[in-house]
């Protein structure tokens, strides 16, 4: 028999591809582990040196092993058992997917957005601090209104002292001279002049303090807006700038000290006492009470808008990021889909596919029962047909003749 050459294929045969389900079960945990690695680096959980490298390596690898084993057992074991009616496997499979997926989501999602969350929190703090500084600067600007008030008090006291020396217009006793009332008014005028000079000299210091505070806030905003610098380095720079604000605010308060003016108003409220001159005492005390009222009115306006100094926020943690989940909804939804939604959907479709394949192989087979007692719910009462009661059997025995019948026969 002649040798016949074998037919050769006209094209190369394609290599057999792996089932897409096995590819998905391998890639899905791998993607989750890579996302976890990125999240851990952003959270600052990796550390430095050899321990940090080991932690960076072990956590994602352990997460990959756990998620891969869980998803594979849920798909290959739980879904198969559910398709043949073993419903307890559904509970185990779903719970395992939910626990592993929720853990991966809770660890991954915060790390993906923590830098942006930290920037949002620092922006909010800078805005609150700017508002606080503006309120304090406005209060310092209002304190400048005390200068003309104290200046008017000093001028009025000096005029009353001169009038008392000339014609006793305050004490209304005598024809002038340098008596007790004149000496008291001179002392009060000198005291008012010293207070006036003190607060007038602080106006320039106040203006310098306000300019320094404005420059400080501008520097803080510039540091925060530098997106080319890592947010944690920007946080350190902001913390340093924030510590320089309090000394500037203290200098601003000392420029025109409201506490000193409040004490001076209390001093005026205390009044004076001129022995033997009740009329002069009352008239001078009335003048001083009016001066004190003017100072207290301005001080009340200055303290009306007092606010609390904001506290520099602590470093953002994983829990704080969930308060901003609405601002980063696309990232949260995508992470939720990868870690939870897709594994659950894959498990559900696998169960339905197995049940449908089983039905196609044997369409006449009964549906799997949930429990051995399922048939109890389908019981129906059996109708028993009615029957007539049985009749008594006919008597065939011959009766014995009685006495009368015997006589007749005889």
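The values are calculated or read from the model by the stated rules, or taken from the named source; none is laboratory data. Small disclaimer: the values here were computed from a predicted structure and weren't measured. We place every Cβ from the backbone using ideal geometry, glycine too, and count neighbours over all the protein chains shown.
Filtered by the rule that a residue be assigned to a helix (DSSP H, G or I) and crowded, with 18+ Cβ neighbours inside 10 Å, the stretch 158-179 gives 160, 161, 164, 165. Of the residues making up the stretch 84-102, just one is touching a helix residue (DSSP H, G or I) at 6+ places or on another chain (Cβ under 6 Å) and closer than 20 Å to residue 325 by Cα, namely 101.
Taking the stretch 276-290 as the range and being without any contact (Cβ under 8 Å) to a residue 40 or more places away in the chain and buried (at least 19 other Cβ atoms within 10 Å of the Cβ) as the test, only 281 passes. Residue check: residue 308 meets all listed conditions (1) outside any loop (DSSP other than H, G, I, E, B); (2) under 39 Å from the mean Cα position of the chain (by Cα) but one, namely (1). For the stretch 313-365, no helices (runs of 4 or more DSSP H) sit wholly inside it while including 2 or more residues that are touching a strand residue (DSSP E or B) at 6+ places or on another chain (Cβ under 7 Å) and exposed (fewer than 15 other Cβ atoms within 10 Å of the Cβ).
Conditions tested, residue by residue: (1) in contact with a helix residue (DSSP H, G or I) (Cβ under 8 Å, 6 or more places away or on another chain); (2) not assigned by TED's automatic domain parsing to the domain that holds residue 205.
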| position | (1), (2) |
| --- | --- |
| 104 | yes, yes |
| 110 | yes, yes |
| 128 | no, no |
| 142 | yes, no |
| 149 | yes, no |
| 155 | no, no |
| 164 | yes, no |
| 175 | yes, no |
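This table checks each residue for (1) under 52 Å from the mean Cα position of the chain (by Cα); (2) part of a helix (DSSP H, G or I); (3) over 28 Å from residue 232 (Cβ atoms).
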position	(1), (2), (3)
114	yes, yes, no
149	yes, yes, yes
153	no, yes, yes
156	no, yes, yes
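In the set (1) at pLDDT 85 or above; (2) closer than 19 Å to residue 98 by Cβ; (3) within 38 Å of the chain's Cα centre (by Cα); (4) surrounded by 14 or more Cβ atoms within 10 Å (Cβ to Cβ), residue 25 fails one condition alone, (1).
Residues checked against (1) within 30 Å of residue 153 (Cα to Cα); (2) surrounded by fewer than 16 Cβ atoms within 10 Å (Cβ to Cβ); (3) in the same structural domain as residue 144 (by TED's automatic domain parsing):
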{"position": "196", "(1), (2), (3)": "yes, no, yes"}
{"position": "202", "(1), (2), (3)": "yes, no, yes"}
{"position": "206", "(1), (2), (3)": "yes, no, yes"}
{"position": "228", "(1), (2), (3)": "no, yes, yes"}
{"position": "235", "(1), (2), (3)": "no, no, yes"}
{"position": "252", "(1), (2), (3)": "yes, no, yes"}
